[in-house]
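Quick note: the coordinates plus some simple rules give every number you see, no bench work behind them. Everything numeric in this text was worked out from a predicted model, so none of it was measured. In this analysis, Cβ positions are derived from the backbone assuming ideal geometry, glycine residues included, and neighbour counts consider all displayed protein chains.
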């Protein structure tokens, strides 16, 4: 299967996993995806993630997080910038997600960070996805 947008694939796997109330989903590993998983964990959207070797490029196992009554912590994830249509924002135009309830993940010159920390650091970048 040819993969033009591995990030969209990761986002879709997590979204589908959450909707199906799975405890974990596996995504093919890459540095960028590990960073996305790290941000999701830091922001409290997933329980944990770890690398699993499969002899090829490896997998990232993402442990999904739910509330006490299995309520979803992640309502939705949205890919913003795509390979065919990149979306960039300057440090002053970083959009709010769901009125500040969600986060966006930006790829900046200083690595991946949330929109909030990018605004704090005074850097703009490419908006990879929104999570709420």
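General remarks:
- Rounded to 10°, Cα long-axis angle of helix 31-42 versus longest principal axis of the chain: 90
- For the range 1-91, the relative contact order works out to 31 percent when only alpha carbon pairs closer than 8 Å and six or more residues apart are counted.
- Between 96, 120, 61, the GNM of the chain built on Cα springs shorter than 10 angstrom shows 120 fluctuating the most.
- Rounded, prolate or oblate (a/c below 1.5 giving rounded, otherwise prolate when a/b exceeds b/c) for the range 77-131 by Cα gyration tensor: oblate
- Helix 6-19 and the longest principal axis of the Cα set of the chain meet at an angle near 60°.
- Residue with peak Gaussian network fluctuation, the chain [Cα springs, cutoff 10 Å], from 116, 13, 86: 86
- Alpha carbon Rg of the chain, scaled by the compact-globule rule 2.2 N^0.38 Å: 1.03
- Residues 3, 10, ranked from the fewest to the most other C-beta atoms within 10 Å, line up as 3, 10.
- Centre-to-centre separation between the Cα atoms of the range 6-54 and those of the range 73-90: 15 Å.
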